[in-house]
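A.B. asks: Dumping the structure here so I can ask a few things about it.
The values are calculated or read from the model by the stated rules, or taken from the named source; none is laboratory data. Just so it is clear, the structure is predicted and the values come from calculations on it, not from any experiment. With ideal geometry, Cβ positions are generated from the backbone for all residues, glycine too; neighbour counts draw on all protein chains shown. In case anyone asks, the SASA skips ligands and DNA or RNA and just uses the protein heavy atoms, side chains included. Shrake-Rupley method; radii C 1.70, N 1.55, O 1.52, S 1.80 Å.
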Amino acid sequence: MSNNFYERQGDHHFASSSHQTDQHSPHQNHNQIHDQHQNAQQNPYTKPLIPFQPRKRKRTSTLAWCMTLVCTIFWLAVILCGLAVLVVYLLYRPKTPQLKIAAATLNAGYIDTGNLLNADITLLANVINPNRKVDIYFSYLQMDMYFQGIMIGTQVIDAFYEPRGGANLKNLHIITSAVPLPLQVAQEWGNGTQDGGGGVTLHLQGRFRTRWLFGRWLRFTNWLKPGCEILMGPPPNGVILRTNC
């Protein structure tokens, strides 16, 4: 009987102690949080704890995918075009047509009333297609004659077709009538064309619109500007002294 009494007393005491401990635990927790806050304020190098939050992945927009696709297609097209041009070049080895002067004569050339140029020039121009696998169609040809950078005459040549390895001779007759020149340029012309003079240097500038025929299906249009420097003796029989084309 006594033993049971003491056991009930012990259980009652243990329950009372546990109840007291549970009553004081919220206060103790509050004190611990308060102490941690004070320690964080006293230590400036202590960073507050931030709860970890996983980052959300942003979905790629439809516009970005479209732009990427367009750029990819564009660069693929550029690469393919470059490869096609390289293949055509290696297969055909295209060369630029050449302009040569076969003959030329300064029939007349004098200065009138101080600085007005009058001249009569005939030329035989040779247009050459040096390609072995490419035919060329010359759809437009214009020949301009210059003296000291001043155009003194021009002539247009009819269109013609020139096969691979071919050459075509064209007659040019350029007449200059009362073209004004600067006094110094007019004096240089007069000195070069007088009896015993050293001649005059003329520049023949061509302007060709060409269509290159690579086989039956491939076509390519290009503008060319060949030129020649011609040193001609004094008139009336001023022949070619030197050419550089």
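For (1) among the acidic types (D, E); (2) on the phi > 0 side of the Ramachandran plot; (3) more than 28 Å from the chain's Cα centre (by Cα), each residue gets a yes or a no:
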| position | (1), (2), (3) |
| --- | --- |
| G82 | no, no, no |
| V88 | no, no, no |
| I111 | no, no, yes |
| D120 | yes, no, yes |
| N126 | no, no, yes |
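A.B. asks: Further, regarding this structure: How do the strands (runs of 3 or more DSSP E) wholly within the range 119-170 filter down when requiring 3 or more residues that are closer than 25 Å to A108 by Cβ: which remain? Give the steps one after another, and end with the answer.
C.D. replies: Details: elements: 135-147, 150-157, 160-162.
Of the strands (runs of 3 or more DSSP E) lying wholly inside the range 119-170, those with at least 3 residues that are closer than 25 Å to A108 by Cβ span 135-147, 150-157.
A.B. asks: I've got another one for you. Scanning the range 187-245 for residues that are charged (D, E, K, R) and either closer than 19 Å to I175 by Cβ or assigned to a strand (DSSP E or B) (or both), which turns out most open to solvent (accessible area, probe 1.4 Å)? Spell out the reasoning first.
C.D. replies: Quick first cut of the range 187-245, residues charged (D, E, K, R) only: 188, 195, 207, 209, 211, 216, 219, 225, 229, 242.
Still in the running and either closer than 19 Å to I175 by Cβ or assigned to a strand (DSSP E or B) (or both): 207, 209, 211, 219, 229, 242.
Numbers: R207: 97, R209: 81, R211: 94, R219: 120, E229: 76, R242: 141 Å².
For the range 187-245, the residue satisfying everything is R242.
A.B. asks: Residue under question is L141, and the condition is that it be open to solvent by less than 10 Å² (accessible area, probe 1.4 Å), under 23 Å from G192 (Cβ atoms) and either out of contact with any His (no Cβ under 7 Å at 6 or more places or on another chain) or of a type outside the set (V, I, T) (or both); does it hold? Walk me through how you get there before you give the answer.
C.D. replies: Working: open to solvent by less than 10 Å² (accessible area, probe 1.4 Å): yes; under 23 Å from G192 (Cβ atoms): no; either out of contact with any His (no Cβ under 7 Å at 6 or more places or on another chain) or of a type outside the set (V, I, T) (or both): yes.
No: the conditions fail for L141.
A.B. asks: Of everything in the range 69-112 that's open to solvent by 100 Å² or more (accessible area, probe 1.4 Å) and of a type outside the set (A, V, I, L, M, F, W, C), which residue is farthest from N237 (Cα to Cα)?
C.D. replies: Out of the qualifying residues, it is Y89.
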